[in-house]
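Asker: Below you'll find the structure I mean.
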Amino acid sequence: MSVSIVKLPPPEAPRKSADLGDVRFRALLEREEWERLPPEVQSRFSKHLAGTQTALYRGVVIDMQMSRLGWLLAQVCRLFGAPLPLSRQAGGTAVVSVSEDRRCAGQCWTRIYARRGGFPQVIHSAKRFAGPTGLEEYLGRGLGMALRLEPLSDGLAFVSDHYFLQIGRWRVRLRRAITPGTARITHRQIAGKRFLFELIVEHPRVGKLLHQQILFDDVE
C-alpha cells in the first residue's frame, strides 16, 4: 500500500463573529455562493453553540438501500466505530445532535437511528475545520475524510476529497484504490423547518454501495 505521511499543525481557534454567528462554514464558500443559499440553510450552518448548547434535528428514514458490497463495507467499518448505517430498514426515526468541540476547534455530531429490534444505532463523528480542504470529518479509530463543501441551489453538498488515517499529529493519506469511493452528503431545504438529508457512497468500479435519505425537522 502506497501512502504519504504529513505532520499536521495544531488546529486553529474557532472563527466566530458576534453579529454573524459561527462563520466557519460560511468561510468555506465564496460570499456570493453563501448569500444564494436559502436563509434556513444559512441559519442551520451558522448557529453559535456556546458552552453545552446543542442543536437538535428529528427525522424519519424514508429510503435506505445497500448493495451486498455496501453491507459488507458497513460491517468492516465497525472496526472504526460503525460510521455507516448497519440496517437496510426504512421508516425508523432518527435524531441528530450537534455540539461544540472546544478542544479540537470543531463540532461533535451524534446520530441515533431507531431499529425495530434491539438498541438504536448510535454514530459519533467530529467535524474539524482543518486540513487541505478546510473541513474534515473524523469517524473513529483514526479514520477520517477530507470534505469539499459545494453550494447547491437549495442547500449544501459535502463531498469526500480523500480518506486518511491519523495517529496523533501524523497523517497517512490512503490511496483511492483501497477506499470505498466517493461519499456525498447533501442537505437540501424543503420548507420552513424541514430539510432532506441524503448520503450516497459510490465506488467508481462497482457503482452505488449505499443510499440513505432522511427527512428532518429542526427541534426548537
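Asker: Residue 52 versus (1) modelled with pLDDT of 95 or more; (2) farther than 30 Å from residue 207 by Cβ: which is the lone unmet condition?
Answerer: Here residue 52 meets the rest and fails (1).
Asker: Just need a number here: residues in segment 9-49 that are at pLDDT below 55 and not basic (Lys, Arg).
Answerer: So the count comes out to 7.
Asker: A further question on this structure: If I filter segment 79-103 down to residues being of a type outside the set (A, V, I, L, M, F, W, C), at pLDDT 95 or above and over 15 Å from the mean Cα position of the chain (by Cα), which single residue comes out as farthest from residue 130 (Cα to Cα)? So that I can check it myself, show each step before the final result.
Answerer: Our first condition is that a residue be of a type outside the set (A, V, I, L, M, F, W, C); within segment 79-103, this holds for 81, 83, 85, 87-89, 91-93, 97, 99-103.
Among the residues that remain, those that are also at pLDDT 95 or above are: 83, 85, 91-93, 97, 99-100.
Checking the rest, the ones that are also over 15 Å from the mean Cα position of the chain (by Cα) come to 91-93.
Details: 91: 35, 92: 34, 93: 32 Å.
Filtering segment 79-103 for residues that are of a type outside the set (A, V, I, L, M, F, W, C), at pLDDT 95 or above and over 15 Å from the mean Cα position of the chain (by Cα), the one farthest from residue 130 (Cα to Cα) comes out as 91.
Asker: Then there is this: Answer yes or no: is there a residue in segment 63-71 that is over 18 Å from residue 28 (Cβ atoms), surrounded by fewer than 16 Cβ atoms within 10 Å (Cβ to Cβ) and of a type in the set (D, E, K, R).
Answerer: Scanning segment 63-71 turns up at least one residue that is over 18 Å from residue 28 (Cβ atoms), surrounded by fewer than 16 Cβ atoms within 10 Å (Cβ to Cβ) and of a type in the set (D, E, K, R).
Asker: Just give me the residues in segment 166-214 being assigned to a strand (DSSP E or B), crowded, with 16+ Cβ neighbours inside 10 Å, modelled with pLDDT of 95 or more and over 16 Å from the mean Cα position of the chain (by Cα), in sequence order.
Answerer: Answer for segment 166-214, where residues must be assigned to a strand (DSSP E or B), crowded, with 16+ Cβ neighbours inside 10 Å, modelled with pLDDT of 95 or more and over 16 Å from the mean Cα position of the chain (by Cα): 173, 189, 203, 209.
Asker: Among residues belonging to segment 120-145 that are charged (D, E, K, R) and at pLDDT 95 or above, point out the one that is surrounded by the fewest Cβ atoms within 10 Å (Cβ to Cβ).
Answerer: 128
Asker: A further question follows. What number of residues within segment 146-165 satisfy the criterion of being open to solvent by 40 Å² or more (accessible area, probe 1.4 Å) and either touching a helix residue (DSSP H, G or I) at 6+ places or on another chain (Cβ under 7 Å) or of a type in the set (Gly, Ala, Ser) (or both)?
Answerer: Counting residues in segment 146-165 that are open to solvent by 40 Å² or more (accessible area, probe 1.4 Å) and either touching a helix residue (DSSP H, G or I) at 6+ places or on another chain (Cβ under 7 Å) or of a type in the set (Gly, Ala, Ser) (or both) gives 2.
Asker: With the structure loaded, tell me whether residue 144 is at positive phi and without any contact (Cβ under 8 Å) to a residue 24 or more places away in the chain or whether it fails that test.
Answerer: So residue 144 does not fit the description; no.
The values are calculated or read from the model by the stated rules, or taken from the named source; none is laboratory data. Just so it is clear, the structure is predicted and the values come from calculations on it, not from any experiment. Using ideal geometry, Cβ is built from the backbone for each residue, glycine included, and neighbour counts are taken over all protein chains shown. Please note that ligands, DNA and RNA were not included when accessible areas were found on the heavy atoms of the full protein model with its side chains. Shrake-Rupley method; radii C 1.70, N 1.55, O 1.52, S 1.80 Å.
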